[in-house]
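Heads up, the thing below is written out as structure tokens.
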């Protein structure tokens, strides 16, 4: 008998409804999984079954997958996403939990234990080593460009694809995802409309963030992390600056690094390459029933 399929969850906030997928049972060590930019909770569909013994909930972040979009006039900032992670844990009744983040999800996850150290047991960063940054002197120009970018994307309607296959092929372009793995994301991330299908994500997600942290601020967040951290980098994955990665990880008091062969979505395309180290790392979480 194969692993049980995930269960669908709905998490209601004031003015916002988030969707999620759930594996495992109450009483097992708790893991909250956060996907990458323009992906969704299906990003963990192949990894989660390789992590038996954990109560794992993968959330569609706001504006992604089957979750609702932020209201008009709102933006998508990392600090807002970090706040939502803690709110999700509150709704689930999780006083303590571990975090597993990929790409954008890893960036968001890196902020949470810095501001709520009493709640995060362990942190796994997959292909994400802290936020993008800007220098203070670039802030005015960056905000002006971001506002213009938002206006452009708000005026751009979502493209309609004639079929799900066409949407899958479009999602595969320029990524490390082949057809079967891209289809997992696209099936969850699209909706049927007149003339075919279209992606459900909020177009505002494509706009440049209005405000980025400085490198000093990022390192302050990382140095405030008190839980053990496992940072996994895929080779060849995203083109991170190696010196910057090492410098940032050095700021975390208790961090270990693991490199694996694979692309940026290695946890989806080759989950067997990352599951053993993640399982071993998370398996030492104390007090799983909290």
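Any read-out appearing in this document is the output of simple, stated calculations on the displayed coordinates, not a laboratory observation. Bear in mind that the values here come from a model prediction, so they are computed numbers and not experimental data. When we count neighbours, we look across all protein chains shown, and the Cβ atoms used for this are built from the backbone with ideal geometry, even at glycine.
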Can you pull the Kirkwood radius for region 104-189, inverse mean 1/r over Cα pairs, to one decimal in Å? 16.7 Å
Region 63-116 versus region 197-229: alpha-carbon centroid distance in Å: 10 Å
P(r) histogram, all alpha-carbon pairs of region 39-101 included - 5 Å bins from 0, percent: 4, 14, 24, 25, 19, 9, 4, 1, 0
Cα gyration tensor of region 72-123 diagonalised, 5x eigenvalues square-rooted, in angstrom largest first, produces semi-axes 19, 13, 9
Any idea how far apart residue 132 and residue 251 come out in nm if each label point goes 7 Å out from Cα toward Cβ? 1.8 nm
Where both partners of a DSSP beta bridge lie in the chain, what percent of those bridges are antiparallel, to the nearest 5? 40 percent
For the chain, what Kirkwood radius comes out of the mean inverse Cα-Cα distance, in Å? 19.4 Å
Note: residue 217 to residue 152 extended length (0.36 nm per residue) minus current alpha-carbon separation gives 20.5 nm
Need the full-extension length gain, residue 145 to residue 4, defined as separation in residues times 0.36 nm minus the C-alpha distance. One decimal, nm. 46.1 nm
Just to be sure I understand the model, the point goes 7 Å from the Cα along the line to the Cβ. What's the resulting residue 80 to residue 25 distance in nm? 3.9 nm
I'd like the Kirkwood hydrodynamic radius of region 135-290, using the inverse of the mean 1/r over distinct C-alpha pairs, in Å. 19.1 Å
May I ask you to derive the relative contact order of the chain, considering only C-alpha pairs under 8 Å and at least 6 residues apart, and to give it as an integer percent? 21 percent
Over the Cα atoms of region 1-153, Rg to Rh with Kirkwood Rh, two decimal places? 1.00
Highest GNM mean-square fluctuation among 140, 52, 236, for the chain with Cα springs under 10 Å, belongs to 140
Considering the chain as a Gaussian network with a 10 Å cut-off on Cα pairs, which listed residue, 270, 102, 64, attains the greatest mean-square fluctuation? 270
Could you tell me what percent of the DSSP beta bridges with both partners in region 1-118 are antiparallel, to the nearest 5? 55 percent
How much length is gained on full extension from residue 243 to residue 163, taking 0.36 nm per residue of separation minus their Cα-Cα distance? 24.5 nm
